[in-house]
Structure formats: C-alpha cells, structure tokens
Amino acid sequence: MARLKTFFMYGVLVLAFFIFSQVMIYIAINTTYKYKNIEVKTPIITEAEIQATSINGFCKCKILNNTKTDIENKYIKIDCYSKNDILMGTKYIKIDKIGTNEEKEYEVRFNYSKVEKVEIEIVNEMPEDVKEEQIISDPEMTLAMIISALVLLIHFG
C-alpha cells in the first residue's frame, strides 16, 4: 500500500510539473509579442493591430463599410517591412462580402523575421505571381506541436 501511495505522489508531481511548465511556456511566448508600427492606406479600415516577435507575428484589422455599396471580391494586402524598409513578405486576406454599414474583423498570422512596420491597404485583385502561402495564414504553434517536440527531444536527445 505504501508503494502505491509513493507512485501516486510521483504521478501527481509529474502532472503538476507538466502543468506548471505549460503555463510558463505560454506566458513566455505571449509576453515576447510587441506592438509594431502600422500605416493604413485605406479609410474603411477602422482598427488595425500588429504584434510581432523576432520570428513571427499576427495582424488583426476591422473593416467598417461606410460606403453606399457592398464590398465584395477584394483583398486586404498586408506588407511587412524590416527596420531598414526591406519588404519581408506580403499576405493577402480575401474579403468575400461586407454589406453597407457592416463591420467585420480579419486576422492573419505570418512567419517573417524581424518585422518592424506594416502597411495595410485594400486592393481589387491579387497579382498573378502570388503563392498560396501568401493567401493562407501561417500556422501557430499548438499544444500538440509542443508535446511532440518534447517527446522527440526526450526520445532522441
């Protein structure tokens, strides 16, 4: 019986350490995001927010259609620049349809290094040479990816 109690205590300690480490990893990752400069070139974008680390980031923007016509089949173009105004990459978000006086929020994730400034505008169409990676949001690291990385590190490390 004492041995079973000892194994139970070890299990509780391992579980507590796992939960503590996940919380600390989450805090460490999310506190490294910093707000960056934004230049909005379109008046219908009411709010825009960009946060980035040295290796990735995300951009959120709200669009309020205050015109008399619907906005459809347009794209939000997001250009990411470095400290020296070098274009690091471009992302596109498709706007399906926004009715008159309707507001929608869009978010895109990117994996560009050392982004310091972002320019946001709405364009009618995308250029022909746009790759699929520029249209879809880059994936964020999930709990499953972190656990699999730890298992690989333990197994092969």
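The values are calculated or read from the model by the stated rules, or taken from the named source; none is laboratory data. Just so it is clear, the structure is predicted and the values come from calculations on it, not from any experiment. Ideal geometry is used to build each Cβ from the backbone, glycine not excepted, and the neighbour counts take in all protein chains shown.
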Every residue in the stretch 32-62 that is among the aromatic types (Phe, Trp, Tyr) and part of a strand (DSSP E or B), please. Tyr35, Phe58
Residue that is surrounded by the most Cβ atoms within 10 Å (Cβ to Cβ), among those in the stretch 77-92 that are of a type in the set (S, T, N, Q) and in contact with a strand residue (DSSP E or B) (Cβ under 6 Å, 6 or more places away or on another chain): Thr90
Can you go through Glu107, Glu119, Glu128, Glu132 and tell me which one is surrounded by fewer than 16 Cβ atoms within 10 Å (Cβ to Cβ) and either modelled with pLDDT under 75 or under 23 Å from Ile45 (Cβ atoms) (or both)? Glu107
Of the conditions (1) surrounded by 14 or more Cβ atoms within 10 Å (Cβ to Cβ); (2) free of Cβ contacts under 8 Å to residues at least 12 places away in the same chain, the single one that Met1 does not satisfy is (1)
Test: Val151 is in contact with a Cys (Cβ under 7 Å, 6 or more places away or on another chain), farther than 17 Å from Thr42 by Cα and of a type in the set (A, V, I, L, M, F, W, C): no
Scan the stretch 46-76 for residues that are surrounded by 13 or more Cβ atoms within 10 Å (Cβ to Cβ), of a type in the set (Val, Ile, Thr) and in contact with a Ser or Thr (Cβ under 8 Å, 6 or more places away or on another chain) and jot them down. Thr53, Ile63
Within the stretch 33-53, can one find any residue that is closer than 30 Å to Ile147 by Cβ, touching a residue at least 60 places away in the same chain (Cβ under 8 Å) and touching a strand residue (DSSP E or B) at 6+ places or on another chain (Cβ under 8 Å)? yes
The stretch 39-73, residues that are touching a Phe, Trp or Tyr at 6+ places or on another chain (Cβ under 9 Å) and β-branched (Val, Ile, Thr): Ile50, Thr53, Ile55, Ile63
Over 22 Å from the mean Cα position of the chain (by Cα) and assigned by TED's automatic domain parsing to the domain that holds Asp96, is that true of Asn56? no
